[in-house]
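Novice: One structure, as structure tokens, below. Some questions next.
The values are calculated or read from the model by the stated rules, or taken from the named source; none is laboratory data. Fair warning: this is a prediction, and the values are worked out from it, not measured in the lab. Using ideal geometry, Cβ is built from the backbone for each residue, glycine included, and neighbour counts are taken over all protein chains shown.
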Amino acid sequence: MKPFHKQNYYELLDISSDASPLEIRRAYKNAFELYNDESIVSYSFFTAEERKEIILHIEQAYLTLINPESRTEYNNKLIESGQLDEGKQNSYKAKDPITIYDFRKTHSNVSGTLKRLQDFKHLVSQNPSIQEILTQNALTGLDLKKIRTELGVSLEKIAEGTNIRISILQAIEDENFDLFPPMVYLKGFLKAYSRFLHIDEYIIVNGYIKHIGERT
């Protein structure tokens, strides 16, 4: 098997180049669960830093392939390099246009939610990197991403828990201003993001808004 950093996105997620969006989502979830800090399977084979790096590659693969436009662009690069048969370029079904919210019905149980709350509170209080970030006056998208990855939470998981489209969550972390929703929505999304991670929403919202105000 190729080293993960030399694998293309399809190889990384272990899917075919004509995989459907549903297959991509399933592969991403399986890969994330395999390499996160709680995984017994990968714990003895990779260091914490190596697992974080792998997860970042997995997330980038997912975010590229789940979006029809970025997937087509990526496929063209693979075709040019001889890694993909041109005949499979458009063999998957593209997704319909989407809104900034995802109103799929979600299910949760009280005991699971309570355990996650307790676990997150403990992780946040005991993690020096997160505590250092939360003391800053301004917070960048990279800061938010670091907090999330330190807690071992994927963007897909936040999207499922908040009903916010994953492309919007990615735009917030990447500070992609062209894709930003109106400010009233942005503040709401930041509150939902911080509540899901059980981080003080006042710190997250005010810190992030202060940062983008300095950028614009």
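Novice: List every residue pair whose Cβ atoms lie under 9 Å apart, where the two residues are 6 or more positions apart in sequence or sit on different chains, the first residue falls within region 127-142 and is without any contact (Cβ under 8 Å) to a residue 40 or more places away in the chain, and the second residue, located anywhere, is among the hydroxyl-bearing types (Ser, Thr, Tyr).
Specialist: 131/125
Novice: For region 157-191, name all the residues that are among the acidic types (Asp, Glu) and modelled with pLDDT under 85.
Specialist: Those that are among the acidic types (Asp, Glu) and modelled with pLDDT under 85: 160, 178.
Novice: Something else about it: Which of the residues that make up region 203-216 are surrounded by 14 or more Cβ atoms within 10 Å (Cβ to Cβ) and either without any contact (Cβ under 8 Å) to a residue 60 or more places away in the chain or aliphatic (A, V, I, L, M) (or both)?
Specialist: 203, 204, 205, 206, 209, 212
Novice: Can you find even one residue in region 66-76 that is out of contact with any Phe, Trp or Tyr (no Cβ under 6 Å at 6 or more places or on another chain), outside the structural domain of residue 152 (by TED's automatic domain parsing), at pLDDT 70 or above and within 17 Å of residue 154 (Cβ to Cβ)?
Specialist: Taking every residue of region 66-76 in turn, at least one turns out to be out of contact with any Phe, Trp or Tyr (no Cβ under 6 Å at 6 or more places or on another chain), outside the structural domain of residue 152 (by TED's automatic domain parsing), at pLDDT 70 or above and within 17 Å of residue 154 (Cβ to Cβ).
Novice: Give the residues of region 124-156 that are at pLDDT below 80 and surrounded by 12 or more Cβ atoms within 10 Å (Cβ to Cβ), sorted by residue number.
Specialist: 124
Novice: Take the conditions surrounded by fewer than 17 Cβ atoms within 10 Å (Cβ to Cβ), more than 30 Å from residue 16 (Cα to Cα) and at pLDDT below 80 and apply them to residue 90. Does it pass?
Specialist: No; evaluated as a whole, the condition is false for this residue.
Conditions (1) β-branched (Val, Ile, Thr); (2) in the same structural domain as residue 32 (by TED's automatic domain parsing); (3) without any contact (Cβ under 8 Å) to a residue 24 or more places away in the chain; (4) more than 20 Å from residue 123 (Cβ to Cβ), marked per residue:
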| residue | (1), (2), (3), (4) |
| --- | --- |
| 145 | no, no, no, no |
| 165 | no, no, no, yes |
| 171 | no, no, yes, yes |
| 178 | no, no, yes, yes |
| 187 | no, no, yes, yes |
| 201 | no, no, yes, no |
